[in-house]
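To start, the structure itself, in structure tokens.
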Amino acid sequence: MDRGVLILICLNFIYIALLPVLFFKKDGGLNWKWLATSTPFGICPLSLIASYQGLLPRLTGDATPWGSFSDTLPIFLSSASIALISYTLGTHKIPIALWHQNNDAPQSIVTYGAYKWIRHPFYASFLIAFSSAFLYAPQLLTIACLIYGLIALNLTAAREEKRLCQSDFGQEYQRYMDRTGRFLPKFLGKAG
């Protein structure tokens, strides 16, 4: 396990953790849904550090099933996650509502930049970060965080999409949904 890769992945999770503080609107309070969704973002990097220190066993022993790519893949994925977060941040002209807020009624829909290809680029970047963590340290906590994150973010995205479809932008958003994937571009097959 390479220490530099661990630092990169942890920096990726720190970048994600800073989003509510630095970017999202401040008019909503944190609630239990937000806490439930965000919990694996704290657990995952802590489990990586514990695994690096030898405190948590890896599911695959000392070796990874992906051999020499065990450090390369997490570097690529963490870099992609950081890049996608940055690209998505650059897409927004104004801060957006934090997930699970009751006051997150849309003022417009964004269909350019990262949103041209996928409806939830922030969530996609979060899932990429979890995937990177699992590939770096395949252990029970990292796979649990990845699975939990996938379920929680999928439920959050579905809730947001339902609200958008019921908003004044409903028809426009439905057309947008027809041409873009939730977490993956549509041209990659069945988009999540």
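Here the label points at residue 169 and residue 2, each 7 Å from Cα along the C-beta direction, are separated by 4.0 nm in the simple model. Highest mean packing comes first when the peptides 158-167, 114-123, 130-139 are listed by Cβ atoms within 10 Å, giving 130-139, 114-123, 158-167. Cross-linked pairs 33/162; 116/186; 93/162: Cα-Cα separations exceed 20 Å for 93/162.
FYI, it's all coordinate maths here, none of it is from the lab. Remember, predicted model here, so these are calculated numbers, not experimental data. Note that we place each Cβ from the backbone using ideal geometry, even for glycine, and neighbour counts take in every protein chain shown.
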